[in-house]
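*Asks:* Here it is, the structure in full.
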Amino acid sequence: MRIGIVAWDHEDPDSPELARTGRDLGHDTSVFFLGDVSCDLTAGAVGTTIGGEPATAFDLIISRAQIRYEQAQSDHERYGLLCQVPGVTVLDPADVYLNAESKLLALQRLGAAGLPIAPTRCCRNPADVAAALADWGEVVVKPSFGLGGADVERVRNLGHDSALVEGLLKKYERLVCQPYYPHPDGDLRVTVVGDEAPLNMRRVPRSTGWKSNAKQGATVHMVTPPPELVEVSTRAARVMGVTMAGLDFLPTPDGHKIIEFNNCPGWYPAPEDHRRHLTERVIEIMVGIHEAGHRVNGRAPEPRPVG
Ligand SMILES: Nc1ncnc2c1ncn2[C@@H]1O[C@H](COP(=O)(O)OP(=O)(O)OP(=O)(O)O)[C@@H](O)[C@H]1O
Ligand SMILES: [Mg+2]
């Protein structure tokens, strides 16, 4: 099978590793970027190309695409072009992937489905943050489209932190706001693929920090999560329609709560044998989805509408 993997960026170590596993499992697997996607409608009705080659040459495209905050429209366009190619399975389709980009939208959907999300508000001005502080004590504010822990900030007191809050509101217009849940012993990251959870980590913030992102210096320990959190995680992925997801849980006085849903989970901090197990299951499960689509229809699946 011909598999394409849309990598996050040139520094993403996980996409080339996934491609290596794909090749080891006997598939012709290559990595490309959304920037490689183009369209030439003079030659035919579909016309989508990947690095100059017709996209119809691929069977399965696995997306780890980065939708850049400043270029969301052109990234959406390229992603949408990929999803209109008959016979090519894109996991996940544009509407599914793009909806899962927003922290606020994902948490809203998961909460509506009855899953245990952390209390979450959208703050449009300093008064909204003041109200959250009055209700929750210390809070965390962050952009709805953030990554790597950047611009995720603790706010204790609006008198002291007003410049910080105003700066973030100016940059992002709205902020996601949650109670602050200390987690010196780490968060829990459950990585879901299909109905399985092949990789589970506790990510412990560095001693002088409080964020559990690897990019913020956290260390990783492999764990076996409680079965109920695996069940919540696979349900969350189903609710979002996402094939591969990273669910982040924090301990709270009311038990573990989902603080974030990731549509492009990373795994590079995990030990090699765990990474290998995960990447094998990603390829096997996604190839299975592609083949099932072809079996059900007896022909190429219809391209899904782009939303
Ligand atoms: N409500 C919270 N209470 C305590 N810590 C939090 C809270 N929200 C986030 N954090 C800490 O900050 C880190 C980064 O926050 P979050 O996961 O929401 O954004 P991100 O990691 O930047 O986004 P992405 O995972 O898409 O890259 C979390 O891993 C967690 O350690
Ligand atoms: Mg995160």
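*Asks:* Would you kindly state how much longer the chain becomes between LEU25 and LYS215 on full extension, computed as 0.36 nm times their sequence separation minus their alpha carbon distance, in nm to one decimal?
*Replies:* Here the segment from LEU25 to LYS215 would lengthen by 65.4 nm.
*Asks:* Follow-up. Among bridges DSSP assigns within segment 48-171, what percent are antiparallel (round to 5)?
*Replies:* 60
*Asks:* Rounded, prolate or oblate: which one fits segment 96-145, using the alpha carbon gyration tensor with axes a ≥ b ≥ c (rounded when a/c is under 1.5, else prolate when a/b beats b/c, else oblate)?
*Replies:* On the way: a/c = 2.92, a/b = 1.65, b/c = 1.77.
Taking the square roots of the gyration eigenvalues as a ≥ b ≥ c, segment 96-145 is oblate.
*Asks:* Around GLY22, what is the net charge, scoring Lys/Arg as +1 and Asp/Glu as -1 over all other residues with Cβ under 11 Å from its Cβ?
*Replies:* Net of charged neighbours comes to -2.
*Asks:* Among SER38, HIS10, ILE67, whose Cα lies farthest out toward the positive end of the dipole of segment 2-93, if unit charges sit on the beta carbon of Lys, Arg (+1) and Asp, Glu (-1)?
*Replies:* So the residue furthest toward the plus end is SER38.
*Asks:* Efficiency by 1/(1 + (r/R0)^6): what FRET value for GLU11 and ALA134, r their Cβ-Cβ distance, R0 = 30 Å, to the nearest 0.05?
*Replies:* Efficiency, rounded to the nearest 0.05: 0.15.
*Asks:* Related question: Using only Cα atoms, locate the centre of segment 183-216 and the centre of segment 112-166, then give the distance between them in Å, rounded to an integer.
*Replies:* Rounded to whole Å, the Cα centres lie 21 Å apart.
*Asks:* Among 171-177, 189-195, 148-154, how do they line up from the highest to the lowest mean number of other beta-carbon atoms within 10 Å?
*Replies:* Peptide ranking by packing, descending: 189-195, 171-177, 148-154.
*Asks:* How many percent of DSSP beta bridges within the chain run antiparallel, rounded to 5?
*Replies:* 75
*Asks:* Okay, next question. Which of the three applies to segment 163-217, rounded, prolate or oblate, going by the alpha-carbon gyration tensor with a ≥ b ≥ c and a/c under 1.5 meaning rounded?
*Replies:* Numbers: a/c = 2.76, a/b = 1.60, b/c = 1.72.
Cα axes put segment 163-217 in the oblate bin.
*Asks:* Decide, for the chain, between rounded, prolate and oblate: order the square roots of the alpha carbon gyration tensor eigenvalues as a ≥ b ≥ c, take rounded if a/c falls under 1.5, and otherwise choose prolate if a/b is larger than b/c, else oblate.
*Replies:* Cα axes put the chain in the prolate bin.
*Asks:* Another question, if that's okay. Hey, rough spin-label estimate for ALA127 and THR224, points 7 angstrom out along Cα→Cβ, what's it come to in nanometres?
*Replies:* Going from the ALA127 label point to the THR224 one covers 5.3 nm.
*Asks:* Taking every alpha carbon pair in segment 121-179, what does the distance histogram look like in 5 angstrom bins from 0, in percent?
*Replies:* 4, 22, 38, 26, 9, 1
*Asks:* Here's something else I'd like to know. How many nm is it between the label spots at ALA113 and LYS171, if each spot is 7 Å from the Cα in line with the beta carbon?
*Replies:* In this crude label model, ALA113 to LYS171 measures out at 3.1 nm.
*Asks:* Ignoring ligands, DNA and RNA, what accessible area per residue does segment 94-228 give at 1.4 Å, in Å²?
*Replies:* Dividing the accessible area of segment 94-228 by its residue count gives 46 Å².
*Asks:* A follow-up question, please. Given the Cα-Cα distance of LEU164 and HIS294 and 0.36 nm per residue of separation, how much length would full extension add, in nm? Intermediate results must be reported in sequence, preceding the final value.
*Replies:* Numbers: separation 130, 0.36 × 130 = 46.80 nm, distance 5.21 nm.
Length difference between fully extended and current span is 41.6 nm.
*Asks:* Across the chain, how many lysine pairs separated by 8 or more positions, or lying on different chains, have Cα atoms within less than 15 Å?
*Replies:* Here the count comes out as 5.
*Asks:* Please give the contour-minus-distance gain from PHE145 to GLN71: 0.36 nm per residue of separation, less the Cα-Cα distance, rounded to one decimal in nm. Display every interim value, and only then the final one.
*Replies:* Details: separation 74, 0.36 × 74 = 26.64 nm, distance 1.26 nm.
Stretched out fully, the PHE145 to GLN71 stretch lengthens by 25.4 nm.
The values are calculated or read from the model by the stated rules, or taken from the named source; none is laboratory data. None of the values given here were measured: they were computed from a predicted structure. Using ideal geometry, Cβ is built from the backbone for each residue, glycine included, and neighbour counts are taken over all protein chains shown. What goes into the accessible areas is simple: the full protein's heavy atoms, side chains included, and nothing from ligands, DNA or RNA. Shrake-Rupley method; radii C 1.70, N 1.55, O 1.52, S 1.80 Å.
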